[in-house]
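Rule-based calculations on the coordinates, nothing more; no lab input. Quantities reported herein were computed from a predicted structural model and do not represent experimental measurements. When we count neighbours, we look across all protein chains shown, and the Cβ atoms used for this are built from the backbone with ideal geometry, even at glycine.
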């Protein structure tokens, strides 16, 4: 015997609903600025990527990004047999979707040479056709004339630099001398290059971190290993294309990758303070004090090297809190810690001082 | 052949690290108050629960709660063969841990009778022994003399009310008349009783929602079905035991269970506004406008019943955002929606008006 | 003061590793056959999809599928401005990747007409160019001459059938009369059409369920709501292209969508038995017996309508187990249940008998 | 205006359903035996644990275990003020629940001394009272007379062995000489002691791994870091109390902790073979071959040290599959790998040979 199961409406059509969702990321801030979450390196079927340009906007929107750049290769066109070269197609296609979803789309392209000079992204350009020529310096000059921000990509990429150690060649020094290099990728895809922190610091360049995504973000950076793609945090005056550009040329950037941040100390210190807050002492037994340490960001904070009479190590989880139990002397002198996951140089991490809030 | 695998230190001892973590919940607020996250109903081995009292503090701390009450049964002591009755033991044991973790521990107990009157929690008492007597009204009187907040628990619990419909008996009306009843559980364990919204509204009682946990929170409310236990949100002037008590007697409460809130409209409306924010119009093509609607809380907002020329339904995810595309006329007149998951009465949900932010 | 943090090798290059992974799905079986997990409806940039053809193979491999078909629209070519029409390009591009990953790639295309006849997939064709002509019946005839399996797609799709109710038009009856229709989609994207179960049963057609994916599988069917894409299970003699085709023409299929299966009773009954196993009675107190009911598949089994003296409802979780406590009389007579999530017709679900294993 | 929202039945009572679920674990097997999943070290409120004894059975059932032992401390009774010492209470309380859920409950206790001898569990005893006496050797003798399996617990526990290095004292050697020591914990809580592999091997003792849980399993071993508690796998002839005991005295055990297994090579080699299966070569281009390597267990297999012309490293995910691309010579000679997460000794891991399946 069969039983009646469905009401009439269910009998005819059923759906399992789905809705696109944009995450809101909680990231550290720099006083006086808004933190724009950006990815300045991505590809589509118009060079060697596997997706249509609108997919990049959808990914950016869902991931909570403010700005992205599509940077298809000029010289490398492996889909040419099926898709005639059109350097500006990706922007034309992605543009209206970016407008509809309030994503800042930065026009870019990847100048794709063997090392040296390697690969460089020209960002904030207006068109690519005039950059499709052989002489490398002429290409950069033409890009700079368009107002481009020039980013050196993955300088330690093993296919071009077999030992994985990023190093400056004459051509890079020449670019810097001319003011034609503005940033270097510290992080690309799933790789990071510690020495880039120093190269950028010494040459007043912006530290960059990007996905260089060819496939699909939700596959490449799937939880639980990754909860977000690598990105460049840019500290801009406003959430506009112009402010973004100004901030990048001014070098106000940081890189968020995995559970780590990379930023020069001048940015890293206020960033840490913007999200880690100590509470008032809520217990004081005359010998030890207890207070809360809360982290409002989506990035855990991993403290080590604590002083005597205090926890040696403390991980404050993302959007979480720990209780600190410490010697009473820390009412009047600060606790000092290394923040192991805030990288400030090729061989240094952020040093911080923590005190309970005033009563 | 065996290969060398471990460095010396690993050879001798290894650990897989673990650290207790406190979540920080993002919940709606009422202007001028702090939202305290509370659970006023729980058990331990000192009545019919399965855990030692300190476990309740650990759970509360990890769950991001501000206050809990341990409310073991007075009359029901099934562990008596192994654990001699001691009505005050749970607080004595849990107290120091609560102090160490900055959790407000509200002394409470469950007066456990057949229906009517059913089960009632006396909260904010100072001791329980004087409440261990037969005459129900005398027990309540003694509790009230201690300053107790009296909560009627799970009034539609099927074991006592087989049809599941909560109803007032004479004894409850008598309690109300005397000012001896202060709140009713709208939500308990995994059940909710819609009529309680009206019973509380008509009698100026606080709406309550609690876990009534006997076992373990992380098992009973495990993700992905549940990401948090049911709780009472209390809008207090400060995060103190005294302020909490004042707010509860004043009826400034709401219930968060699953993805739903239950609150009187006077609280629900500002709560919604405190977390859902419309952005400026970022696209206006002369016919339709587009703007963002962001939700900063851990509770999704499920809007339905949208007006003509606007989305019929919108779910703004927890800590997420949607883009609204609507007729240009909504620049000057508000969009109206029902918020299906903010319950304001036994048969009503919150009605809201939404407009894009001023340019 | 800066501290030494990194060993030399880390100083120069770091990676955060990633590896593509193929899931192994546990699905019900039909004795004597292997269950092939298939998706016979997908798109690429060669019609209106958003991905390069190789992406479809990667997705299939990670998802644990055995076979897919790429079925770009013949008549609908919205990317034509950038990508010249090439009906066979998707297979040429995806073919070598399919071979490298042991995925059976079924050549297919979507014949895309207004209703009637609506959209139909021709599967197992050899080329598409000869199908790019106006006369619908001629197109089908040409496909059938290539040995095609003809699938009617999403017959209740609201854009073509505004009330959502699938109905046969003369053209469909004509196809059936000629033996030119072989299957109908019961499930497509996020929709299901209950009446298709009866339409297929009455006309001896295969029940089909496919993703019709245009975007990206990992976004469209993201956990926790979905742990897998919708798929057609095909009971084939072997895991080969030929056996797959034979099984489909023979109608040996089932649909897995969400936590549900749809299959004719002749398949549903043995499928259930292949994964749900009762253990021996491990406790018998003379009045009630207790035994385990285990489910080795990735699909939970939702039983309801249990008999007197037994659980009214039981959900056996995916790869999980429940304990059944029942009246002792069920040692000698079977327990009867409806399996609410195994759909056998437009208005029926699978009925099963369960007994504890022999001692 | 308020809108009608609920149907009558919802108006009165709602529930958010929950059901206890038992996982079925897929673990490696030893031909001719069944693999019993066991935890031989746990505590309750009857010594220093935080839960009532029945909680341990519920946890074991949900976790998919076959057997557990509750091993409260004899000498350490910190709850004595509230709970009078009753060494046999935990079993009396947990026993009926174990019977109801088909869990094998092994009566045990923890003999709790300073080092040496440290802590030892007596398992498979019949009562504890006769073991509550001072002379350590007399206690062990009395336990052995009851048929006990004696397990030395956490021999490198830093509170007793500050450098974390487990070492045999005279008392342990005496126990071994008398045949009074039968196993040592390689893994306890969140720690492992590599040297225990050799200590067990040299003395023909069983390798053990247990949770030593005092709190709650679902908190201590929460995903994503942990998907299961540490456990001892016992290779028994049947799933009975007797067979379990026989297997343990015979030393047929392995330890599963995190993503790792620890087992002597004689067990590790067949265990690996029972779950990792190579498929047939599905592509052979005359130079390289391709075949699948599938892992049917819940434990990923991490291979490294691959030979020339084959992948250097391969992680076969839990219940997943990888494709191996290798030089054609591996049609006739096996691929050799180290399995980094199958530990066979203090300084060795399992070495395996892999070949594609015969055509």
(request) For peptide A:110-121, compute the average count of partner chain beta-carbon atoms within 10 Å of each residue's beta-carbon. (result) 0
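Normalised by the number of residues in the stretch A:22-258, what is the relative contact order in percent for Cα pairs under 8 Å and 6+ residues apart?
21
Summarise the partner chain shielding of B:282-292 as one whole number: the mean count of Cβ atoms from other chains within 10 Å of each residue's Cβ.
2
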(request) Go ahead and set up a Gaussian network model of chain D, Cα springs under 10 Å, then flag whichever of D:237, D:159, D:113 fluctuates most. (result) D:159
(request) State the volume of the convex hull built on the alpha-carbon positions of chain C, expressed per residue in Å³ and rounded to an integer. (result) 221
(request) Write down the percent of antiparallel bridges among all DSSP beta bridges whose residues are both part of the protein assembly as shown, to the nearest 5. (result) 75
(request) Rank these for me by crowding, B:221, B:186, B:82, going from fewest to most other beta carbons within 10 Å. (result) B:82, B:221, B:186
(request) Using only Cα atoms, locate the centre of the stretch C:234-283 and the centre of the stretch D:100-167, then give the distance between them in Å, rounded to an integer. (result) 51
(request) Would you calculate a helix-derived [θ] at 222 nm for the protein assembly as shown, using -39,500 (n - 2.57) for each DSSP H run of n ≥ 4 and dividing by the full residue count, to the nearest 500? (result) -6000 deg cm²/dmol
(request) Sketch the reach of a paramagnetic label on residue B:24 as a point 7 Å from Cα along Cα-to-Cβ, and name the residues of the stretch B:49-86 whose backbone nitrogen lies under 18 Å away. (result) B:61-67
(message) Rounded to the nearest 5, what % of DSSP beta bridges with both residues in chain D are antiparallel?
(response) 75
(request) Would you please classify the overall shape of the protein assembly as shown from the alpha carbon gyration tensor, given that a ≥ b ≥ c denote the square roots of the eigenvalues, rounded means a/c under 1.5, and beyond that prolate means a/b larger than b/c while oblate covers the rest? (result) rounded
(message) How large is the Rg to Rh ratio of the stretch A:251-308 when both quantities use alpha carbon positions and Rh follows Kirkwood?
(response) 1.07
(request) Would you mind classifying the stretch A:275-354 by shape? Square roots of the alpha carbon gyration tensor eigenvalues, ordered a ≥ b ≥ c; an a/c under 1.5 is rounded, otherwise it is prolate if a/b is larger than b/c and oblate if not. (result) oblate
(message) Given a Förster distance of 56 Å, report the FRET efficiency between residue C:114 and residue D:204 from their Cβ-Cβ distance, rounded to the nearest 0.05.
(response) 0.10
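Could you tell me what percent of the DSSP beta bridges with both partners in the stretch B:29-152 are antiparallel, to the nearest 5?
Numbers: 9 of 16 bridges.
The antiparallel fraction comes to roughly 55 percent.
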(request) Decide, for the stretch C:23-180, between rounded, prolate and oblate: order the square roots of the alpha carbon gyration tensor eigenvalues as a ≥ b ≥ c, take rounded if a/c falls under 1.5, and otherwise choose prolate if a/b is larger than b/c, else oblate. (result) oblate
(message) Mean-square fluctuation check for chain C, GNM, Cα pairs under 10 Å: which of C:194, C:307, C:84 is largest?
(response) C:84
(request) Under a 10 Å cutoff between Cα atoms, tell me which one of D:136, D:264, D:272 has the largest fluctuation in the Gaussian network model of chain D. (result) D:136
(request) Count, for each residue of A:217-229, the Cβ atoms from other chains sitting within 10 Å of its Cβ, then give me the mean as a whole number. (result) 3
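Using the 2.2 N^0.38 Å rule of thumb for compact globular proteins, work out how the stretch B:188-309 stacks up: its C-alpha Rg over that value, please.
Cα-based Rg divided by the globular estimate yields 1.32.
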